[in-house]
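Novice: Just passing along the structure, written as structure tokens.
The values are calculated or read from the model by the stated rules, or taken from the named source; none is laboratory data. This structure is a prediction, so every number in the text was calculated from the model and none was measured. Positions of Cβ are generated from backbone atoms using ideal geometry, with glycine treated the same way; all protein chains shown enter the neighbour counts.
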């Protein structure tokens, strides 16, 4: 936000709560921030992902419905995609309605209330660092393992906002191995899979749910959903076990590198795969031998706020903006 927008946001929220909207590609989760880390989730509506005017209308109706009496409450938004705080723009492949809009300024004008925006990985990281499993840690690196791979960095309780919204994006960059030796001694030659960012060999191509499925298809010539593969792995299926072994070997290296680069002492995991506790435990055991620091306790752990991290993180962000 600009200094003027920050001042307006603080003024609007100085004696009241704020409204929070977690905008995903399918649904908008809506809530009221009662305090830092405390959110009352009050509504959920489909996301008009293709239509800017419809998206503005949906947010306007939600804000009007839940504002309550008195002055217009500020609205804090968590969204998928990259948010550039300098221009107010959001680049999100699954919400094309944002394209070409100064989202902060246009929503502020249309809704008649101050608007604050952050990336959903950042808000999840804020929740985990301040209220969740990262509480008490100076540096928290959050790994998102959903459809693809994302990340965020929080230092001393505050998110690190990089150039054009890029921070902690360990999912991109051509770094995955093409020659891999498994514990059994088997050596594999793997391709650099094409990534949606335009590069090849990104961690995103093998690390999320679609990446796990891609590896399984490449290794065995059979397709299956990520959860089917993991269910089979947990049941002792040999093909699924080999897929997961390759997956862990490939993913643990860039994650260990991210830990070394950031100096993090805990890695909360969010996204759909974070709910697979056996997988995250196995990933932790694969990562820790590869880090410079020696961690005797689990380093990579499922996050505490897998369902509502966006809203909880927004409540922290609102508190920080009002307090500073």
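Novice: Suppose we keep only residues that are modelled with pLDDT under 90 and over 20 Å from the mean Cα position of the chain (by Cα) within the range 83-113. Which one would you say is farthest from residue 48 (Cα to Cα)?
Specialist: 86
So that you can scan it fast, the table gives a plain yes or no per residue for (1) part of a strand (DSSP E or B); (2) in contact with a helix residue (DSSP H, G or I) (Cβ under 9 Å, 6 or more places away or on another chain); (3) not assigned by TED's automatic domain parsing to the domain that holds residue 168:
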position	(1), (2), (3)
25	no, no, yes
34	yes, yes, yes
53	no, yes, yes
77	yes, yes, yes
90	yes, yes, yes
97	no, yes, yes
108	no, yes, yes
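Novice: If I ask for residues that are at pLDDT below 90, surrounded by fewer than 16 Cβ atoms within 10 Å (Cβ to Cβ) and either assigned to a loop (DSSP other than H, G, I, E, B) or at negative phi (or both), which ones from the range 142-174 would you list?
Specialist: Passing the criteria: 162, 163, 166, 173, 174.
Novice: With the requirement that a residue be closer than 21 Å to residue 297 by Cα and part of a helix (DSSP H, G or I), what does the range 121-139 give you?
Specialist: 125, 128, 129, 130
Yes/no matrix, rows are residues, columns are (1) surrounded by fewer than 16 Cβ atoms within 10 Å (Cβ to Cβ); (2) more than 18 Å from residue 135 (Cα to Cα); (3) touching a strand residue (DSSP E or B) at 6+ places or on another chain (Cβ under 6 Å); (4) in the same structural domain as residue 35 (by TED's automatic domain parsing):
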site: 215; (1), (2), (3), (4): no, yes, no, no
site: 236; (1), (2), (3), (4): yes, yes, no, no
site: 256; (1), (2), (3), (4): no, yes, no, no
site: 259; (1), (2), (3), (4): no, no, no, no
site: 272; (1), (2), (3), (4): yes, yes, no, no
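Novice: Given the structure, is residue 251 under 16 Å from residue 171 (Cα atoms) and either crowded, with 16+ Cβ neighbours inside 10 Å or free of Cβ contacts under 8 Å to residues at least 24 places away in the same chain (or both)?
Specialist: Numbers: under 16 Å from residue 171 (Cα atoms): yes; either crowded, with 16+ Cβ neighbours inside 10 Å or free of Cβ contacts under 8 Å to residues at least 24 places away in the same chain (or both): yes.
Taking the combined requirement at face value, the residue satisfies it.
Novice: Which one is surrounded by the fewest Cβ atoms within 10 Å (Cβ to Cβ) among residues in the range 291-303 that are touching a strand residue (DSSP E or B) at 6+ places or on another chain (Cβ under 7 Å) and in a loop (DSSP other than H, G, I, E, B)?
Specialist: From the range 291-303, those touching a strand residue (DSSP E or B) at 6+ places or on another chain (Cβ under 7 Å) are 299-303; that's our starting set.
Going one step further and asking which of them are in a loop (DSSP other than H, G, I, E, B), we end up with 299, 303.
On the way: 299: 21, 303: 25.
Ranking the candidates gives 299 first.
Novice: When you scan the range 196-205, how many residues do you find that are touching a helix residue (DSSP H, G or I) at 6+ places or on another chain (Cβ under 9 Å) and within 12 Å of residue 170 (Cα to Cα)?
Specialist: Looking only at that region, the number is 3.
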